[in-house]
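Novice: Here you go, one structure.
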Amino acid sequence: MNRRAMATRLAVMVALSGLLPILVVGAIAIEVLRRHSEGEAANGLRAVAEQTAARIDGYLAAQKETLRAVAAAASTSPDADRRLEEVVLEAPALGRVVLVGAATPRSDLPAMLGAEVVARARAGEEISSAIYLAKDFTPALDHCVPAPARPDHAVCASLDLLELWRFVQRIRVGRSGYALAFDAQGRLIASGAGALRAAILTGEPVPESGVAVAVAAGRDPGAPRYAGAGGVEVIGGWARLPEAGWTVVVEQPAIEALRPARTAQWVLGAIALVALGLSIAVGVRQSQRVLAELEVEERWRTAGRIAAGITHDLGHRVAILQQTAGLAESGDAGFLPRIRDNLRSEVATLRKFVADFADLSRDVRSLDLLPLDLDAFAGSVARTAASHAERHGVRIEVLPSEHGAWVRGDRYLLERAVLNLVSNACEASPRGGAVRIAVTEVEGQASVAVEDEGSGIDPERLPRLFDAFMSTKRTGAHVGMGLANVKRIVDAHGGTVSVESALGRGATFRIALASEAPPAPAAAPRTRTSPGAA
Amino acid sequence: MRPTPFLAIAALVACSRPAAPGRFVLRLAVPGILGPVRPGSDTNASAATDLVFESILSPDASGRARSTIARTFQRLGSDRYRIELDPRVRLSDGSPVEFDDVARGAAVMGVKAVRDGDAIILDSGGRPIEPLLYYSTPFREAGVHRLGTGPYRVVEEGQSRIALERVVPAPGRIQQVEIAACANDRDALARTLRGETNGVFGLEARLAEFVDGIPGLRVVRGPGPHVRVAMFNQARVSAADRRRIAGSLPWEAIARHACGDGAMPSVASMALPDGPPLSIVAFDESQPVRLALALRRALRGRGGAVQRLDVTEYLRVMSAHEFDVFVGQLLAWPPPVLALSFSRGGLFNYTNFSSPEIDAAFARGDAEAARAAIEREAVVVFLCPRERVGAFDARIRNASFGRWGVLDTLPDWEVGP
């Protein structure tokens, strides 16, 4: 991960962790606002419905009162029939008004009231028909009142309720809220929504009919938010006309009624996004700056560690070489064997020193991956490390896998890694001890384990054991790059390196890689090394 | 415009299937059965005949006679016309209009056609000829369909559906018209409100505000050729009595009250001739009944019972002369069509009304004089025009009603996006 990506990641994490609580609180606030708005909208619509219902109720009451007055005024007149018939000229809303007696033919009775029903009116009871559509499709309602001072007579009118349509159609709530009126059976009788008016003519139910029936029956019609005409979600309020049994429903598309809450939602969302963007932008910039400073600091620290290691190791080597040079300057031939041994030893040490640096500088990203028989590989490593082991008085044992273990790897780099582990194990083990290179293959994972019989590793060192320049041996050419290099190589192979250690019982380093099927025998003959091969 | 608008009987017939999307089709909902598209059809196919056939004479906007098929037309007498066909006029199959086509169309209205060199003499046999020529449409039988000279041709015709297409395509105009038969007026209106059809006409004026505000529809209103009238029965009410009554009553105020928003005039101080109460019959519709009641109140003691009639009763009562005053509607525009009701032998002269002066005026071709005489003799009092009301697809920019044929202007309607 480069510095920019790391900076972005850091910035996003910081920004999100900062904004998340704000967003949560904002979301809660929006939900509260939405519910409050929904409740307020429903209340407002209910108020409009109640006003409309009261107005319709008042209109109906006025017409009936007019009919009563007309009945009182005209029914005693000798030409009552004629006077009542002409009432429509002054009171068009009363429609056709007739004086009804026991002998009135059926054809002269109101269209929707039978003789038995009208008889009740003649007996003193006011009666009304259900609302219906007249011949010209306008709404009408037959109503009869007893005729005062005219026993066994009633005055009946076919009330023209065109005004009902006007009331309802004129009501507008917001931009597209409207009113609907239903009879007691849930049949639409007036509609402010043009798209629903066909239902007035056909009598077919509309989505709000259920609400109207429930209201008319005195039941709770449920939540004020429901699917209205055309499946559009609406918020509704309703009111009942107690006498007529009709219901007025006033509704408004939810999207419109809740627009303020929705707007707040969008604004808050936009602010959060802008804040997030801003935080990330500023965070990235600042993180890059801080990371750059850290990198510079880390470089200096690394250089210091390297310098300390080099100073320590090379200083020791220089001291030995100075001492050797002193022996050479003495001209004493007796020192020649010691001078030779010193020079050989120091050259070997310096070679190892150079090799470690060479490994460190080697690019492990371009691997030369080939099938590798780990058993043969372990034997090869054992042979290569045999002389080193001998010098430390240690023997190397190879424990091959039970059924063979193949991986795909860069043989050279893996050998450098395993040799490093074996070399360390030889140095850590006591003279006469053994270093074991064990190969295993379990469930698709092959591993090479290097086990020593040394004193083990201090548990406090284990977590940073594979960090560069963390070696504390300082006994030879060890500047702490070996294990870091091992890890680098194994990581490049997609594998893992781990260590198990207990003080006084040695340590085991394990390189685990994905195993694969061995190649065809002809292409890669499998070789096995015997245990203990050195 | 057809002479028998009252004879259409509603039938339970399903509306037509919807047209394919993407192409504007005017789908008209019409109550009742449709039947074949032919001149003189008694069915509700008349909306289609107006678009497929053109009459020999038709009124222009001012009411004067014009002809779209004749190069020249000359009145030879009260019952004779001489016309020369315009050679550029073609039937919908592209063939020229011939004498036989004219004779065939004239014969439908009882008018005889005779060759006169390159011209044609049309003879109505003693009846005023102009109104008959308004209804005489040249046509030719061509297999299943009939060909006319109108802007549309018949593609499909049946009792439930008629499909017309424009003879000469015109961009931005209505290319296709479908007429769907519906069970009744209510069904026709409901289907249009639901969007299954996009045009309906013949609505009651009171329904205009009900239709107003329906998404995708626009209410169209306009004058038609019919007028609300009070017509005296000359057989039962003497001319002198008629004239005195007609001269005494505040007709304009009565009309304003019944047809508009005016207050009922005070009539208590008006002098009326003595006589028996006049029985009044009226179409059982809101406006005629109000007119009849207002008239009766104005007549005070002379006002008798008001009888409300449906169409069937109307024809019987008129033929039997069982009324003193009739309140209803009358075909009154252009003035020559009054001859149908007030000339001897007129097509709609159900009461056998006869007046030498009026007959003479019609014979002279002076319809204005005939109308003046009708009013002077107080045969009829013209009260208020009957408005045509309909609703059409709101994408049509300039929908309007023809003053004569209800859809006369349809070929010029422009369709917006």
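Novice: About its Cα centre, what dipole magnitude does segment A:354-514 give when the only charges are +1 on Lys and Arg Cβ and -1 on Asp and Glu Cβ, stated in debye to the nearest 20?
Specialist: With Lys and Arg at +1 and Asp and Glu at -1, about 440 debye.
Novice: For residue A:467 and residue B:205, FRET efficiency with R0 = 56 Å and r from the beta-carbon atoms, rounded to 0.05?
Specialist: 0.05
Novice: Can you find, among A:393, A:442, A:123, the residue sitting farthest towards the positive end of the charge dipole of chain A, where Lys and Arg contribute +1 and Asp and Glu -1 at Cβ?
Specialist: Toward the positive end, the furthest listed residue is A:393.
Novice: Give me A:422, A:347, A:497 sorted ascending by neighbouring Cβ count inside 10 Å, so fewest comes first.
Specialist: Neighbour counts put them in this order, fewest first: A:347, A:497, A:422.
Novice: P(r) for chain A: what percent of alpha-carbon pairs falls in each 20 Å bin, starting at zero?
Specialist: 16, 24, 14, 12, 14, 13, 6, 1, 0
Novice: Another question about this same structure. Which net charge results when you count Lys and Arg as +1 and Asp and Glu as -1 among the other residues whose beta-carbon is under 10 Å from that of residue B:164?
Specialist: Neighbour charge sum, excluding residue B:164 itself: -2.
Novice: Rounded to the nearest Å, what's the spacing between the alpha carbon centres of segment B:319-351 and segment A:295-309? Just the number, please.
Specialist: Here the answer is 120 Å between Cα centres.
Novice: Could you give the length gained by full extension between residue A:323 and residue A:368, i.e. 0.36 nm per residue of separation minus their alpha carbon distance, to one decimal place?
Specialist: 11.7 nm
Novice: Next question, about the same structure. Nearest 5 percent is fine: what portion of the DSSP beta bridges confined to chain B is antiparallel?
Specialist: Within chain B, antiparallel bridges account for around 75 percent of the total.
Novice: If you don't mind, another one. Compare the Cα positions of B:63, A:519, B:347 along the charge dipole of the protein assembly as shown (+1 at Cβ of Lys, Arg; -1 at Cβ of Asp, Glu; about the Cα centre) and return the one farthest towards the positive end.
Specialist: Checked the options; the winner is A:519.
Novice: Would you please put A:22-30, B:288-296, B:326-334 in order of how densely packed they are, using the mean number of other Cβ atoms within 10 angstrom per residue and starting with the highest?
Specialist: Highest mean packing first, the order is B:288-296, B:326-334, A:22-30.
Novice: What is the calculated FRET efficiency for residue A:166 to residue B:243, with r their C-beta to C-beta distance and R₀ = 51 Å, to the nearest 0.05?
Specialist: It comes out at approximately 0.75.
Novice: With only alpha-carbon pairs counted, each pair once and no self-pairs, how large is the Kirkwood hydrodynamic radius of the protein assembly as shown in angstroms?
Specialist: 38.5 Å
Novice: Give the distance, in whole Å, between the Cα centre of segment B:44-105 and the Cα centre of segment B:200-270.
Specialist: One Cα centre to the other: 33 Å.
Novice: For the residues B:261, A:491, what sequence is obtained by ranking on other C-beta atoms within 10 Å, fewest first?
Specialist: B:261, A:491
Novice: Springs between alpha-carbon pairs under 10 angstrom, Gaussian network model over chain B: which of B:220, B:154, B:380 fluctuates most?
Specialist: It is B:220.
Novice: Taking Cβ-Cβ under 4.7 Å as the only way to count a partner, pick out the unpartnered cysteines of chain A.
Specialist: Here A:426 come out as lacking a disulfide-compatible partner, given the Cβ-Cβ threshold of under 4.7 Å.
Novice: I want to verify a result. In a Gaussian network model of chain B, Cα cutoff 10 Å, which of these has the top mean-square fluctuation: B:275, B:158, B:365?
Specialist: Of B:275, B:158, B:365, the Gaussian network model singles out B:275 as fluctuating most.
Novice: Related question: Trypsin sites (Lys or Arg not before Pro) within segment B:173-241: which are DSSP loop residues with at most 14 other Cβ atoms inside 10 Å?
Specialist: none
Novice: Whole Å is fine, so just give me how far the alpha carbon centre of segment A:39-62 lies from that of segment A:185-236.
Specialist: The two parts, judged by their Cα centres, are 16 Å apart.
Novice: What ranking do B:52, A:250 get, fewest neighbouring Cβ atoms within 10 angstrom at the top?
Specialist: Fewest-to-most Cβ neighbours within 10 Å comes out as B:52, A:250.
Novice: Any idea what the alpha-carbon Rg over 2.2 N^0.38 Å comes to for segment A:303-440?
Specialist: Normalised by 2.2 N^0.38 Å, the Cα Rg of segment A:303-440 equals 1.33.
Novice: Same structure, new question: Along the Cα→Cβ direction, 7 angstrom out, place labels at residue A:294 and residue B:170. What is the inter-label distance in nm?
Specialist: Label at residue A:294, label at residue B:170, 8.1 nm between them.
Novice: Where does segment A:362-411 land on Rg(C-alpha)/(2.2 N^0.38 Å)?
Specialist: 1.39
Novice: I need the GluC sites (Glu not before Pro) found in segment B:261-364, filtered to DSSP loop residues with at most 10 other beta carbons within 10 Å of theirs.
Specialist: Nothing satisfies the criteria.
Novice: Filter the GluC sites (Glu not before Pro) in segment B:48-108 to those in DSSP coil with at most 16 other Cβ atoms within 10 Å of their Cβ, and list the result.
Specialist: B:98
Novice: If you build a Gaussian network model of chain B, linking Cα atoms that sit under 10 Å apart, which residue out of B:36, B:131, B:356 swings the most?
Specialist: B:356
Novice: To continue, here is another question. How many nm separate the modelled label positions at residue A:358 and residue B:98, each set 7 Å beyond the Cα in the direction of the Cβ?
Specialist: Result for the modelled spin labels: 11.6 nm.
Novice: So if we plug the beta-carbon distance of residue B:114 and residue A:133 into 1/(1 + (r/R0)^6) with R0 = 41 Å, what FRET efficiency do we get, rounded to 0.05?
Specialist: It comes out at approximately 0.15.
Novice: Tell me the Rg and the Dmax, in Å, that the Cα atoms of segment A:3-157 produce.
Specialist: Cα-based Rg and Dmax for segment A:3-157 come out at 31.8, 109 Å.
Novice: Select from B:365, A:180, B:95 the residue farthest towards the positive end of the dipole of the protein assembly as shown; place +1 on Cβ of Lys and Arg, -1 on Cβ of Asp and Glu, and compute about the Cα centre.
Specialist: Positive-most Cα among the choices belongs to B:95.
Novice: What helices does chain A have that are whole DSSP H segments, at least 27 Å long along their own axis by Cα, and with mean Kyte-Doolittle hydropathy of -0.5 or more?
Specialist: Once both thresholds are applied, what remains is A:3-74, A:259-329, A:336-361.
Novice: Mind checking the full-extension length gain between residue A:77 and residue A:345? Use 0.36 nm per residue of separation minus the Cα-Cα distance, one decimal, nm.
Specialist: 81.8 nm
Novice: Residue A:22 label point, 7 Å along Cα→Cβ, cut-off 11 Å on backbone N: hits in segment A:271-292?
Specialist: Answer for segment A:271-292: A:271-280.
Readers should treat all values here as calculations from the given coordinates under stated rules, not as data from a laboratory. Note that the structure is a prediction, hence the values are computed from the model and not measured. So basically every Cβ, Gly included, is an ideal-geometry build from the backbone, and we count neighbours across all protein chains shown.
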